Structure formats: structure tokens, C-alpha cells
Amino acid sequence: MNKSLLPDRHKQRDFFTCDIFDSFKDDLASMEHPIFSLSTKPDHRMLEYQRNDANIKIKPSFTGLATIFDKDILLYLASALMSAKNAGETISQTVRFTSYDYIVSTNKSIGGSQYQILKDGLARLRGTSIETNIKTKGVEVTKEFGLIESWEVVKEDKKGKAIAIEVKLSDWFYNSILGNEVLTIDKEYFRLRKPTDRRLYELARKHCGNQDSWKIGLANLKEKLGTAVALRKLRFNISKLAESNHLPEYNVSIEKDVVMFSRKEPPKENKPPSKLPVYVSDKEVKADGGRPGESTQQVKERLAKLKQATKGNNNARVRIK
């Protein structure tokens, strides 16, 4: 079992929300900009970014910045609203949901602490303030606002666990839903254990999209990630990720501080626009060992040709010594 992935905790679930969340959605603005903290500890930094015509200031509350795991709440709500919208139903900026459905749909463990974690996440989403001029639905928002406007526990059980939650979304986030400014993400996203892996997947999904591949320099990637780790540590982490290759949908490779994301399979919703490049992982290169005088790139090219030659033959196997 890959230790970078959480177990699929609710594989056998059969409650009615299962069909709704076969398709999860993420909003384009927060996929592009590093709004959520990647720290697993309370993060009280004030963040400021400027890229192209977008200016963003992110201010924490006394409980800290909203984290990328807190963002699961917004992903859940965006998915529910888009599902209802696509079905022709009337949607509202205020959404009521059950904590149990949220916990199961986003692959959380069922336990007493999860209900408190949910409420803590809602508090950070409400407390984190953003001053930005990001455009959604053709409207430029330049005021300061919270990631959500408000939240409340509508009902609690005898042990104090939240049963029903009501959330009013910010105008900025709700405008993304109204304007269809969202992308479908793989439900395996919720099995990613590390915050950086989640952010890397978001960037790959946003920038690679339905293309075959997307390249970016390591320094620029660090800025887009919004990570505080040193560049050498990020380089090491990307190299380890290239070995395990566990991101949903996308392969990752790094060479000379250029990181490339490439699709593992053609997009399901479209016919493949072209032949996808054959991916050779660093682990396969190490297992092969190389031939005398071969560079790492030459080993990759040779193994890629071997894979391509056997592609389409169901009985063929790529054997790597």
C-alpha cells in the first residue's frame, strides 16, 4: 500500500449522495492561486501574491489560515451545487448539508473527532480574509471578504456532534458556481495524504487540463504552490513523487529543475486529441540499471520505445531487469 495515499474508507457506501459525488468540482480561481495553507500546524502568516493582473492578500484569524484540507468543505459544496444546477434545480448561496454525508463523500474517517475537525475548518474558512481583484463571472471583486460568509450548526445530537450544517458562501465563491468557473477533479484527490500533493494535483489539473503535458520551472512551481519549504527540499520531494507516481490522472517528472506533468490516460470526456507520450518513471529507470555509457535520458527513451512497441498487445509485457 502506498503510504502517500489514504485508504478508500467508504468504498462500499450506498447512501443516496453517492451518485451525486461521482463528479467533484473545484473552482478555477483557488486552483490558480495559493490561497490555502499547506501547513499541518496553525499558520498565522499574512500572505501576499501578485501575478499578472491579480493581487491577493490573505489574512489569518486568531485560529490561523484556512488549510487545503479545510478546502474539502468548499469542494463538497461546489460539487453539490453544480450537480443541482446541471439538473435544472434552483440553487442558493446558503447551503444546508449533513456532516455525515460530507465526511463520507470526502473520504474522512467516521469518528467523534471528525465532527470537531469539521467545525474547526468552518471557523478557519470564515476567519480567513481575502483582499483580491480576481474576476469571476466577469465581475472584478476588490473588497475584503471571508472564504465563507457564515456558518452554523443547525442540529446537534446528544453527544454534541454536528448533524446538520448551514453555510452561506461568499459572493466570490458563489459567482464561480453561477459562472461555471469550475473544473472536474478526480475523487482520488481525497485520498492524497500530503498537502503539497493535493496542491500539485490542482495545478496539474488547472494547467495541463486536457493537454498531453505541462512544464514549469521549479522556482515558478514553488511560487504557485505557495509552499514555505526550501527549493532543495521541494526538488527532493518532487523526485520522490516521480518515483511513486501516485497523483491521480497525472505523471510527474523532474529534470534540470523543470517539472513536467503528463496525463496517464486520455481525458474521459473527450476523444484523445493526439497520442499521449509514454511515461517512464524514475523507479523503472533505477530497476533497469542502464547500459554502459547510457545517460538517464537515454534509458528513459529506450524504455519508452519498448513500452510503445508493446502497447496494444494485451499479451505483451514490458520486462525490466
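The values are calculated or read from the model by the stated rules, or taken from the named source; none is laboratory data. Everything quoted here is computed from the prediction, not taken from an experiment. Note: ideal-geometry Cβ built from the backbone for every residue, glycine included; neighbour counts use all protein chains shown. We work out accessible area using only protein heavy atoms, side chains counted, and drop any ligands, DNA or RNA first. Shrake-Rupley method; radii C 1.70, N 1.55, O 1.52, S 1.80 Å.
How much of the accessible area of the range 150-250, in percent, comes from carbon and sulfur atoms when a 1.4 Å probe is used?
Ligands and nucleic acids excluded, carbon and sulfur reach 46 percent.
Select from the range 217-253 those GluC sites (Glu not before Pro) which occupy a DSSP coil region and have at most 10 other Cβ atoms within 10 Å, ordered by residue number.
none
Based on the alpha-carbon gyration tensor of the range 139-218 and its eigenvalue square roots a ≥ b ≥ c, which shape applies: rounded if a/c is under 1.5, prolate if not and a/b is larger than b/c, or oblate?
Because a/c hits 1.5 or more and a/b fails to exceed b/c, the range 139-218 counts as oblate.
Sorting ARG302, ARG205 by accessible area (1.4 Å probe), largest first, what list results?
The most accessible residue leads, giving ARG302, ARG205.
Leaving ligands, DNA and RNA out of it, work out the accessible area of LYS143 with a 1.4 Å probe and give it in Å² to the nearest 10.
Approximately 110 Å² of LYS143 is accessible to the 1.4 Å probe.
So what J values fall out for the range 23-33 if you push phi through Karplus, 6.51 cos²θ - 1.76 cosθ + 1.60 with θ = phi - 60°, rounded to Hz, Gly and Pro as x?
Each residue's phi maps through the Karplus curve to give 10, 9, 10, 10, 7, 5, 5, 7, 6, 6, 10 Hz.
Could you pull out every residue, at least 5 positions away or on a different chain, whose amide H is within less than 5 Å of the one on GLU249? Hs are placed 1.01 Å off N in the peptide plane, and Pro or chain starts have none.
Amide H to amide H, under 5 Å and 5 or more residues apart or across chains, GLU249 pairs with nothing.
Dividing the convex hull volume of the Cα atoms of the range 60-197 by its residue count, what figure in Å³ per residue is obtained?
Output value, Cα hull per residue: 121 Å³.
May I ask you to evaluate 6.51 cos²θ - 1.76 cosθ + 1.60, the Karplus curve with θ = phi - 60°, for each residue of the range 62-69 and list the ³J(HN,Hα) values in order in whole Hz, giving x for glycine and proline?
These are the phi-based 3J(HN,Hα) values: 5, 8, x, 5, 5, 9, 5, 6 Hz.
Looking at this model, which pairs from LYS119/LYS187; LYS71/LYS108; LYS3/LYS119 are more than 18 angstrom apart at the alpha-carbon?
Long pairs (Cα-Cα over 18 Å): LYS119/LYS187; LYS3/LYS119.
Report the calculated FRET efficiency for ARG9 and ASP120 (r = Cβ-Cβ distance, R0 = 25 Å), to the nearest 0.05.
Efficiency computed from Cβ-Cβ geometry: 0.80.
Pop out the ³J(HN,Hα) list for the range 189-204 in order, Karplus 6.51 cos²θ - 1.76 cosθ + 1.60 with θ = phi - 60°, rounded to Hz; leave Gly and Pro as x.
With coefficients 6.51, -1.76 and 1.60, one gets 3, 6, 9, 6, 7, 8, x, 5, 4, 5, 5, 4, 4, 4, 5, 4 Hz.
Please compute the contact order of the range 26-123 in relative form: average sequence separation of alpha-carbon pairs under 8 Å and at least six residues apart, divided by the residue count, as a percent.
23 percent
What chymotrypsin sites (Phe, Trp or Tyr not before Pro) does the range 31-93 have in DSSP loop regions with at most 10 other beta carbons within 10 Å?
Those that pass, being in a loop and sparsely packed, are PHE62.
Given a Förster radius of 30 Å and the C-beta distance between LEU178 and ASN52 as r, what FRET efficiency does 1/(1 + (r/R0)^6) yield to the nearest 0.05?
Step by step, r from the Cβ atoms, then E = 0.80.
Provide the per residue accessible area, probe 1.4 Å, for the range 26-178, rounded to a whole number of square angstrom.
45 Å²
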